[in-house]
Each structure stands twice: as structure tokens, then as C-alpha cells.
Amino acid sequence: MGDFEAIYVQHFDGVYKYVFSLCRNETVAEEITQETFYRAMEHIDKFEGKCKLYVWLCQIAKNTFLTYAKKQKRHVSETDIDLSQQIEARFENEILDKETVWKLHKLLHELSEPYKEVFSLRVFGELPFSQIGELFGKSDSWARLIFYRAKKELRRDLDENIV
């Protein structure tokens, strides 16, 4: 996993700028970039090395953005709700349910470090990624990656426990 973190740190800014050039929305660009790295991590074994890694990541980002854009055209009429707001609104609505809150706290308690601490600092401490990275002696990109992984794991575990 250490190798992938290096890839993330090295290429996050470039991929983010590429996605931002497609959507012109910082929040959407960050969410799509995060999803891009998540997909790349899941399918890194399919990277054949026929092109530069950065090009491969941008292709994943482009496909992720196109999927997002198609869903927006289908599901959003005149209201421009970005991807992040949709995800956070769903997450917050579930948190309002006391049973779900209890399950979330149990899952957070079981989360390994540094995921647990980074998630808590970001959500409960409302710290920016730059300060979280600084606390760990790492970059803000590293903090973003760890937070994203924690959020994905909690989301998956919460979905499994609700069903």
C-alpha cells in the first residue's frame, strides 16, 4: 500500500487540476479525483505500463467524470447540486437516526489508525487537510487519501450493518 500512497501523493494535484478543467467546480473535482484514486487502487493490477501512469489516471478520471455528468443530467433537472453535497446530505440524514449514530461510533472505534484519528480530526475537529497532514508530518494529499479511505470503509461497513 505504501507504493500506492506514493503514487497518490505524486499525482493527486495533476489529476485534480485535470478534473477541475473538466468540471470547473472544486468540490466536484475533489470528489471525482478521490474516486479516481479509489478505482485506480482497486485496479492497479490492470495497469500494463503501455502509457505513463499519469495518463492512465487521467483516463480513469475522465471516465469517472463522464459517468458523473451522465448521472447529473438524468437525475438533476434545473437544480445544480454537486456530488459532494449529495453524498454528505445522505450521510448526514443517516446520522440523524440515533441507532445509526451508535453503529457509526462503534465502527469508528474499530477503525484502525491513522484512519480513525484522521476521520475524527476532519469530521469532529473540522480541521483542514493541511493541518491534519502537518500533525502527522505528512502532506495534505496524504490526509485527504486517509480521510477518503476511512470514509469509504465506514460507508461500506455502515451499509452492511444497516441491511
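Just so it is clear, none of the values below were taken in a lab; they were calculated from the coordinates. Treat the numbers as computed from the prediction; the structure is a model and nothing was measured. Because the Cβ atoms are built from the backbone with ideal geometry, glycine has one as well, and the counts that use them run over all protein chains shown.
Would you mind counting up the charge near Cys58? Only other residues with Cβ under 15 Å from its Cβ, with Lys and Arg at +1 and Asp and Glu at -1.
Working: positive: Lys17, Arg39, Lys50, Lys52, Lys62; negative: Asp13, Glu35.
Net charge in that neighbourhood comes out at +3.
Ranked from highest to lowest mean number of other Cβ atoms within 10 Å per residue, what is the order of the peptides 133-140, 59-66, 28-35? Before the final figure, lay out each step's value.
Values: 133-140: 15.2, 59-66: 17.0, 28-35: 23.2.
Going from most to least packed, we get 28-35, 59-66, 133-140.
Tell me the net charge near Arg122. Cut-off is 10 Å between Cβ atoms, Arg122 excluded, with +1 for each Lys or Arg and -1 for each Asp or Glu.
Numbers: positive: Arg144, Lys151; negative: Glu117, Glu126.
Taking every Cβ under 10 Å from that of Arg122, the sum is 0.
For segment 39-51, backbone phi angles converted through the Karplus equation (6.51, -1.76, 1.60; θ = phi - 60°) give residue-by-residue couplings of 5, 4, 5, 5, 10, 4, 5, 8, 6, 9, x, 6, 9 Hz, Gly and Pro being listed as x.
Treating each Cα of segment 97-162 as an identical point scatterer and summing with the Debye formula, the log10 of I(q)/I(0) at q = 0.22 Å⁻¹ comes to -0.85. Seen from Val19, the other residues with C-beta closer than 12 Å to its C-beta sum to a net charge of -2, counting Lys and Arg as +1 and Asp and Glu as -1.
Cross-link pairs exceeding 30 Å between alpha carbons, from the set Lys17/Lys71; Lys70/Lys116; Lys50/Lys116; Lys17/Lys50; Lys17/Lys138; Lys71/Lys116: Lys70/Lys116; Lys50/Lys116; Lys71/Lys116.
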